[in-house]
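Quick notes on the structure that follows.
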C-alpha cells in the first residue's frame, strides 16, 4: 500500500491511496468476498450526505456574513441592505439554502432505503442541487462583499473555497446528473 498526499484549494488535505498486492485474511473481510462494491457505494452515499450537510452549513454562514455586511455597508448615506435589489438577492440566497437543506434531509432520510435506486436518486439529487446552489451563493456573497471577499483575512473566501471543493468531491454536477438520470431510468423499467 502507498499513498500520495496533496493540499486542496481550501487548505484541507487529500490523498491517493494505492493498494497493490494486498492480502486480506478471511476473518478480516467485510461483507462477502467479491461483493464489496455495494458496501463501497453505500459508504460513499453516506459520505455524500455528510458533504451535503457541510455545504448547507457553509452556505448558511456565507448568507449570515453577507446579511451582516449589507446591513452595515453604507452607500448614498444608508445601508445597502435597504435597496430592494439587494433584498431580493438575499431572499433568493435564503431560498437556495432552504432548497439545499430540504434535498439534504431527503438524502439522509433515504440513506437506509432498501431500494438502492431510491437512495441513489435522493443522494445524487441532493449533491447536484447543493453543488449548484453552493456555487451560486458563493458568487452572490463575493459580488455583494466586493473584492474584500476573496482576501485571506475574511472568512467569506474560505467558505467559497470549501464549497468549490465539496462540489468536486465524489462526483461533480455532470456526474451526478448522469447518476440521477440512470436511477430514474431504472425506476421506470
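One table, with the values for the structure above:
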{"quantity": "Test: residue in the range 37-58 that is more than 29 Å from the chain's Cα centre (by Cα), assigned to a helix (DSSP H, G or I), closer than 23 Å to residue 2 by Cα and without any contact (Cβ under 8 Å) to a residue 12 or more places away in the chain", "calculated": "no"}
{"quantity": "Leading residue by the ranking (surrounded by the most Cβ atoms within 10 Å (Cβ to Cβ)) among those in the range 136-181 that are over 11 Å from the mean Cα position of the chain (by Cα), over 19 Å from residue 60 (Cα atoms) and touching a residue at least 24 places away in the same chain (Cβ under 8 Å)", "calculated": "176"}
{"quantity": "Candidates 96, 109, 85 - the one that is exposed (fewer than 14 other Cβ atoms within 10 Å of the Cβ), modelled with pLDDT of 95 or more and either within 17 Å of the chain's Cα centre (by Cα) or under 24 Å from residue 55 (Cβ atoms) (or both)", "calculated": "109"}
{"quantity": "Residue check, residue 71 part of a helix (DSSP H, G or I) and touching a strand residue (DSSP E or B) at 6+ places or on another chain (Cβ under 7 Å)", "calculated": "yes"}
{"quantity": "Residue count for the range 1-36, restricted to those that are in a loop (DSSP other than H, G, I, E, B) and surrounded by 10 or more Cβ atoms within 10 Å (Cβ to Cβ)", "calculated": "9"}
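The values are calculated or read from the model by the stated rules, or taken from the named source; none is laboratory data. Owing to the predicted nature of the structure, the values given are computational and were not obtained by experimental measurement. All Cβ positions, even for glycine, are placed from backbone atoms using ideal geometry, and neighbour counts span all protein chains on display.
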